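Q: Pasting a structure here, questions to come.
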Amino acid sequence: MKARSHQRDERHLTERLGTTGLRLTPQRQQVYDVLLQKRDHPTAEEVFIRAKHAMPEISMATVYNCLDALVKCGLARQV
């Protein structure tokens, strides 16, 4: 059941990114997963810390770029 939900989320992410001319990358997937795992209002730094657990090589700049991409395609809001 959880795998099906993850596939649906990934497909949705791919479609939404495509509407803005962006493609799905492992880093964007990881940042999106972090946002879905805990529905709070994390700062970019908190997203970075959470993403780093599963993807140690991710940088803060990459997290900012991923968040920007998610905002542009309407999957996240900047507050």
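Q: Does the range 64-74 contain any residue that is surrounded by 13 or more Cβ atoms within 10 Å (Cβ to Cβ), at pLDDT 95 or above and part of a loop (DSSP other than H, G, I, E, B)?
A: No.
Q: While we're here: Cβ contacts < 8 Å: first residue on the phi < 0 side of the Ramachandran plot, restricted to the range 34-50; second residue part of a loop (DSSP other than H, G, I, E, B) and basic (Lys, Arg), any location; separation 6+ or different chain. Result?
A: Arg50/Lys38
Q: Please identify the pairs in which a residue from the range 63-79 that is within 11 Å of Ala44 (Cβ to Cβ) has its Cβ atom under 8 Å from the Cβ atom of a residue that is of a type in the set (Val, Ile, Thr) and not in a loop (DSSP other than H, G, I, E, B), counting only partners at least 6 apart or on another chain.
A: Listed by first residue and then by second, the contacts come to Val63/Val31; Val63/Val47; Cys66/Val31; Leu67/Val31; Leu67/Val47; Gln78/Val71.
Q: Only one of (1) touching a Ser or Thr at 6+ places or on another chain (Cβ under 6 Å); (2) open to solvent by less than 40 Å² (accessible area, probe 1.4 Å) is not met by Leu17, so which one is it?
A: Going through (1) touching a Ser or Thr at 6+ places or on another chain (Cβ under 6 Å); (2) open to solvent by less than 40 Å² (accessible area, probe 1.4 Å) one by one, Leu17 breaks only (1).
Q: Among the residues that make up the range 3-11, is at least one of them open to solvent by less than 60 Å² (accessible area, probe 1.4 Å), assigned to a helix (DSSP H, G or I), at pLDDT 95 or above and not basic (Lys, Arg)?
A: no
Q: Still on this model: Tell me which of these Glu15 doesn't satisfy, since it passes every other one: (1) in contact with a helix residue (DSSP H, G or I) (Cβ under 8 Å, 6 or more places away or on another chain); (2) of a type in the set (Asp, Glu); (3) at pLDDT below 95.
A: (1)
Q: Taking the conditions exactly as written (touching a Cys at 6+ places or on another chain (Cβ under 8 Å), open to solvent by 60 Å² or more (accessible area, probe 1.4 Å) and touching a residue at least 24 places away in the same chain (Cβ under 8 Å)), does Arg28 satisfy them or not?
A: Judged against the criteria, Arg28 is not a match.
The values are calculated or read from the model by the stated rules, or taken from the named source; none is laboratory data. Quantities reported herein were computed from a predicted structural model and do not represent experimental measurements. Note that we place each Cβ from the backbone using ideal geometry, even for glycine, and neighbour counts take in every protein chain shown. When the accessible area is computed, the model is the full protein with side chains, heavy atoms only, and any ligands, DNA or RNA have been set aside. Shrake-Rupley method; radii C 1.70, N 1.55, O 1.52, S 1.80 Å.
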